[in-house]
Amino acid sequence: MPLKDRPGRLALGLLAAAVFAGWQWMTVHANYGGNWTALYCTGARRPQPASLAPEHIWLFPDSDGYDGQMYHYIAHDPSMRNQNLRAAVDDPRLRYRRILLPALAYVAAAGHAGLVDPAYYILVLLFIAAGVYWSAAGCLALGRSALWGLLFALLPATLIGIDRMVVDVALAALTAGFACHVRAPSWRLFAILAAAALTRETGLLLIAGYAGYLALARQWKRAAVFSLAALPAFAWYGYVAAHTIAYRYSADLAPFTAIWRDILHPLVYPAGLRLLWLARVLDYVALAGILTAFVIAVRWNLPPQRDPFSLAMLSFVALAVIYQRPEHWLHVYDYGRVYSPVLLLLGFQGLRRHSWLAILPLSMMLPRIGMQFGAQVLGALHALI
């Protein structure tokens, strides 16, 4: 089946999703006794909502867990009506703004509690399939092979998404959709932009980049129309703000302060961790990778080009450099997934420029992500043997 045809690209996306589904099945049965809730990475230190007790949620001992556990709770209560579930969310105002993936799981399950989790897992896989499909189409539009679209499967947001059930994989897929449709504006592009802003706040940067591109091209009417893609998100943010209390985060607006602080004071690992020296080395290599991506993005796009890729990428880089929250830069599982849109858009620019430099940042980040999968891989191999 020719990959230039739509069915061929769709098959490519479904193949990637099937491979990841196979990996999830293997690790769940080999490492977590067949308990699929382990994918949410729920920490035993945190109180568990009594209403989800029938799920027998897998708890990671002596851990606060990871963000996926919060989106798990939201998927069971997207309208914030269940006080028991909302109380289990660490920061409802922040987490509930990222409603798209949890709400889609709830809707797909028709509100049936026993079907919400399977719907969530399937949706993550479908977003991966969509990301590969759109990436392949974007590569073809640049005159390159659709097989390059498979690199979407190696983005930090994709790998961390299948490992921790976080929403960033959905935003990465929508960024690929943005890249695919941006040259021919349509209702599809409008829907993708609106969905991106409902997935995560950084999705608004795609709207800003595209509206800015249209404004620079003096297409004022079209810029105004596509700016309206942010309205559903702002309406939802308003609803969330009316029903939640703000949580104060420590942040510094001085450029690079948190990054530099975390370089000098790296993440503290548990005593006795195997290959601790290697983890530390790869932490620095991964951080150098994302900073390399920012440098390349600035080098290729300053002064700002009249190009939606350029403006969207520079918006993400500006956010990364200026808005400095220390916890964002401690581990590749944090900054890697948040700034995957930069890696993706940079990849498209690299294909257009015929430059291998675009994949250098990703190649520097993948070893540390791979090491994070190490224990699961060993467990799966042991089970197979």
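Read-outs throughout are calculated quantities, based only on the coordinates presented, and are distinct from any laboratory measurement. As the structure is a prediction and not an experimental result, all values here were calculated from the model. As a convention, Cβ positions derive from the backbone with ideal geometry for all residues, glycine included, and neighbour counts pool all protein chains shown.
Overview of values
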{"quantity": "Neighbour-limited loop hits for chymotrypsin sites (Phe, Trp or Tyr not before Pro), segment 1-64 (at most 15 other Cβ within 10 Å; DSSP other than H, G, I, E, B)", "calculated": "none"}
{"quantity": "Solution diffusion estimate, µm²/s, Stokes-Einstein, segment 21-115, Kirkwood Rh from C-alpha pairs, 4 °C, viscosity 1.567 mPa s", "calculated": "94"}
{"quantity": "For D64, net neighbour charge (Lys/Arg +1, Asp/Glu -1) across residues whose Cβ lies under 15 Å away", "calculated": "-2"}
{"quantity": "About the Cα centre, charge dipole magnitude for the chain (Lys/Arg +1, Asp/Glu -1 at Cβ), debye", "calculated": "1160"}
{"quantity": "Fewest-first sequence of L142, L384, L123 by Cβ atoms within 10 Å of each Cβ", "calculated": "L384, L142, L123"}
{"quantity": "Fraction of the pair-distance distribution of segment 261-385 above 18 Å, Cα-Cα pairs, percent", "calculated": "57"}
{"quantity": "Per-residue Cβ neighbour rank within 10 angstrom, fewest leading, I57, I160", "calculated": "I57, I160"}
{"quantity": "Whole-number percent relative contact order across segment 194-336, with pairs defined as alpha carbons under 8 Å at least 6 apart", "calculated": "37"}
{"quantity": "Taking W148, W277 and counting other C-beta atoms within 10 Å, the order from fewest to most", "calculated": "W277, W148"}
